[in-house]
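**Q** The following block contains the structure, expressed as structure tokens.
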Amino acid sequence: MALDKNGIAKRIAQEVQDGFYVNLGIGIPTLVANYVREDIEVEFQSENGVLGMGPFPFDGEEDADIINAGKQTITTMPGASFFDSATSFAMIRGKHVDLTILGAMEVAENGDIANWKIPEKMVKGMGGAMDLVASAENIIVAMMHTNKRGESKILKQCSLPLTGVGCVTKVVTNLAVLEVKDKAFHLLERAPGVSVEEIQNATEGTLVVKGDIPEMSL
Amino acid sequence: MINKKVNNVQQALHGVKDHMTLMLGGFGLCGIPENAIAELVRLNVKNVTCISNNAGVDDFGLGLLLQNKQIKKMISSYVGENDEFERQMLSGELEVELTPQGTLAEKCRAAQAGFPAFYTPAGFGTEVAEGKETREFDGKMYVLEPAFKADFAFVKAWKGDAAGNLVFKGTSRNFNPNMCGAAVITVVEVEDLVEVGELDPNHIHIPGIFVQRIFEGANYEKRIEQRTVRQKQ
């Protein structure tokens, strides 16, 4: 069965390693924090200016001056720090953040990503996404494999305005884990109960399938 | 001590005129200069260019200037929470320059620090880089981005003193420190204007040299955009 959003987040959480500084985008990526192993030390960075983000505050304890990049009220963990926006993007641009997890509308087999604009329909802006994808060396995209009409979002070439070029290294969807290299999507894992054929049918870009493809263990 | 204190928001915004370029601190509604925005509405200056990460919401923050049709151009990274903004942008009434968030911050910092421009990898190969100079360093491509030029910067800090020294709180810091000294005149409003000497020099985030005018703001609403809480077990 295809994964739901929490399932995708759960699988991505397995990529988070001890000692990592991690930037989580808005949407599915935010859920990843709920599934990171408790026996490892990880610090979450939010690009509006906090390192060491904690869970949401208890009702009545929220502080208008402490929010995340999604403008949600948050708390901080012991050892947390606040900083200005230029310093925040020095962490990102300077490659001090170990892992970036973000959502996408489309990804292409050459690693291009589009997630900020649908011409004449939706123009909300790129926020920090262009800075993140241009600098991070370890980018995981969390997304649904197809859109609501069943059309693939895993493409040969992006049709929407790009956020970054040749930058995505891994994609985790509701159907599969894909590695992006050598101008192709390499199928690493299937969602539980999802066949290789189903994944092939949902993928417009070049899909490389080598040997037996294991199911994700969640 | 060089005194930067002015008595009220009217004095603080003296000299703001139509067609000027204004920087405003804040991320979403967090750390926005609420008093300066209210005074800009009252002054009804028109055709201004605003440099601000976001454009407020329909009835708060920079949304108030949008409702009043005072803004000619917005330079922002994310403008998603504002219907009037979207309407003015799609109808062509409002010019919008979307800029990656880190580039926006650095364009402020460059202006503050005296750099005319800098290279960044953000936006290379996208429409953000169209028409801009690009250059390769160590096998990677970068885009040349100029520093901002602004007439006024409106900044919100938590505490400050008459010397212009500032301390920020939590994530309301965001773009505020980067905008100090990045415009011809930096105007700071603080929640708490303390006596000179009260702030520990070791704990000052922005030294007063970057500030021209400072005043204690009033009636902070500090509206929360996305109140998210968990329940006690």
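**Q** So B:ALA122 passes all but one of these: (1) among the aliphatic types (A, V, I, L, M); (2) surrounded by 16 or more Cβ atoms within 10 Å (Cβ to Cβ); (3) in contact with an Asp or Glu (Cβ under 9 Å, 6 or more places away or on another chain); (4) assigned to a strand (DSSP E or B). Which condition number does it fail?
**A** Result: B:ALA122 passes all but (4).
**Q** Quickly run through segment B:95-117 and pick out the residues that are closer than 16 Å to B:GLY56 by Cα and either part of a helix (DSSP H, G or I) or small (Gly, Ala, Ser) (or both).
**A** The one that is closer than 16 Å to B:GLY56 by Cα and either part of a helix (DSSP H, G or I) or small (Gly, Ala, Ser) (or both): B:GLN101.
**Q** Right, another one. Filter segment B:178-187 down to the residues that are of a type in the set (A, V, I, L, M), crowded, with 24+ Cβ neighbours inside 10 Å and either at positive phi or away from chain A (no Cβ under 14 Å) (or both) and list them by number.
**A** B:ALA183, B:VAL187
**Q** Of all residues in segment A:98-142, which are assigned to a loop (DSSP other than H, G, I, E, B) and under 23 Å from B:GLU145 (Cβ atoms)?
**A** Answer for segment A:98-142, where residues must be assigned to a loop (DSSP other than H, G, I, E, B) and under 23 Å from B:GLU145 (Cβ atoms): A:ASP112, A:ASN115, A:TRP116, A:LYS124, A:GLY125, A:MET126, A:GLY127, A:GLY128, A:ALA136, A:GLU137.
**Q** I need a count of the residues in segment B:49-94 that are assigned to a strand (DSSP E or B), within 14 Å of the chain's Cα centre (by Cα) and among the aliphatic types (A, V, I, L, M).
**A** So the answer is 3.
**Q** Suppose we filter B:ALA111, B:ALA38 for residues that are under 23 Å from B:LYS156 (Cβ atoms), more than 7 Å from every other protein chain (Cβ to nearest Cβ), in contact (Cβ under 8 Å) with a residue 24 or more places away in the chain and surrounded by fewer than 20 Cβ atoms within 10 Å (Cβ to Cβ); which single one remains?
**A** B:ALA38
**Q** Taking A:PHE44 as the residue in question, decide whether it is facing another protein chain (nearest Cβ under 8 Å) and of a type in the set (Phe, Trp, Tyr).
**A** In short, no.
**Q** Can you say whether B:CYS30 is under 20 Å from B:ALA150 (Cβ atoms) and at pLDDT 95 or above, as far as the supplied structure shows?
**A** Spelling it out, it is not the case that B:CYS30 is under 20 Å from B:ALA150 (Cβ atoms) and at pLDDT 95 or above.
**Q** Is it true that some residue in segment B:46-57 is touching a residue at least 12 places away in the same chain (Cβ under 8 Å), among the basic types (Lys, Arg), closer than 24 Å to B:ASN178 by Cα and more than 14 Å from every other protein chain (Cβ to nearest Cβ)?
**A** No, segment B:46-57 contains no residue that is touching a residue at least 12 places away in the same chain (Cβ under 8 Å), among the basic types (Lys, Arg), closer than 24 Å to B:ASN178 by Cα and more than 14 Å from every other protein chain (Cβ to nearest Cβ).
**Q** Moving to a separate point now. Could you check segment B:9-35 and list, in sequence order, the residues that are under 19 Å from B:GLY217 (Cβ atoms), away from chain A (no Cβ under 14 Å) and not in a loop (DSSP other than H, G, I, E, B)?
**A** B:VAL9, B:GLN10, B:GLN11, B:ALA12, B:LEU22, B:ASN35
**Q** Separate question: Would you please name the residue that is farthest from the other protein chains (Cβ to nearest Cβ), looking only at residues in segment B:59-74 that are surrounded by fewer than 21 Cβ atoms within 10 Å (Cβ to Cβ) and either out of contact with any strand residue (DSSP E or B) (no Cβ under 9 Å at 6 or more places or on another chain) or under 23 Å from A:GLY128 (Cβ atoms) (or both)?
**A** It comes out as B:ASN68.
**Q** Just checking, does segment A:86-109 include any residue being more than 18 Å from the chain's Cα centre (by Cα) and more than 30 Å from A:LEU160 (Cβ to Cβ)?
**A** Yes.
**Q** Can I ask one more? Determine whether B:ILE209 is in a strand (DSSP E or B), within 24 Å of the chain's Cα centre (by Cα) and more than 14 Å from every other protein chain (Cβ to nearest Cβ). Break it down into steps so the answer makes sense when it comes.
**A** On the way: in a strand (DSSP E or B): no; within 24 Å of the chain's Cα centre (by Cα): yes; more than 14 Å from every other protein chain (Cβ to nearest Cβ): yes.
So B:ILE209 does not fit the description; no.
**Q** Taking A:ALA136 as the residue in question, decide whether it is surrounded by 17 or more Cβ atoms within 10 Å (Cβ to Cβ) and within 14 Å of chain B (Cβ to nearest Cβ).
**A** In short, yes.
**Q** Then there's this: Taking segment A:79-100, which residues are free of Cβ contacts under 8 Å to residues at least 24 places away in the same chain and surrounded by fewer than 21 Cβ atoms within 10 Å (Cβ to Cβ)?
**A** A:ALA90 - this is the single residue of segment A:79-100 that is free of Cβ contacts under 8 Å to residues at least 24 places away in the same chain and surrounded by fewer than 21 Cβ atoms within 10 Å (Cβ to Cβ).
**Q** Let me ask you something else. Where residues in segment B:125-177 are at the interface with chain A (Cβ under 9 Å from one of its Cβ atoms), hydrophobic (A, V, I, L, M, F, W, C) and in a loop (DSSP other than H, G, I, E, B), which of them is surrounded by the fewest Cβ atoms within 10 Å (Cβ to Cβ)?
**A** B:PHE168
**Q** Find the residue count for segment A:1-50, including only residues that are touching a residue at least 24 places away in the same chain (Cβ under 8 Å), among the acidic types (Asp, Glu) and either touching a helix residue (DSSP H, G or I) at 6+ places or on another chain (Cβ under 6 Å) or in a loop (DSSP other than H, G, I, E, B) (or both).
**A** Matching residues across segment A:1-50 total 4.
**Q** Here is a follow-up. Kindly establish whether A:THR163 is farther than 19 Å from A:GLU43 by Cα and buried (at least 19 other Cβ atoms within 10 Å of the Cβ).
**A** yes
**Q** Here is a follow-up. Within the set of pairs 6 or more residues apart or between chains, which connect a residue that is under 21 Å from A:GLU189 (Cα atoms) inside segment A:157-172 to a residue that is of a type in the set (D, E, K, R) and surrounded by fewer than 17 Cβ atoms within 10 Å (Cβ to Cβ) with Cβ atoms less than 6 Å apart?
**A** A:LYS170/A:GLU179
**Q** Right, something else. Being surrounded by 21 or more Cβ atoms within 10 Å (Cβ to Cβ) and touching a residue at least 40 places away in the same chain (Cβ under 8 Å) is the filter here, so list the residues in segment A:57-71 that pass it.
**A** A:ALA69
The values are calculated or read from the model by the stated rules, or taken from the named source; none is laboratory data. Everything numeric in this text was worked out from a predicted model, so none of it was measured. Methodologically, a virtual Cβ is constructed for each residue, glycine included, from the backbone with ideal geometry; neighbour enumeration extends over all protein chains shown.
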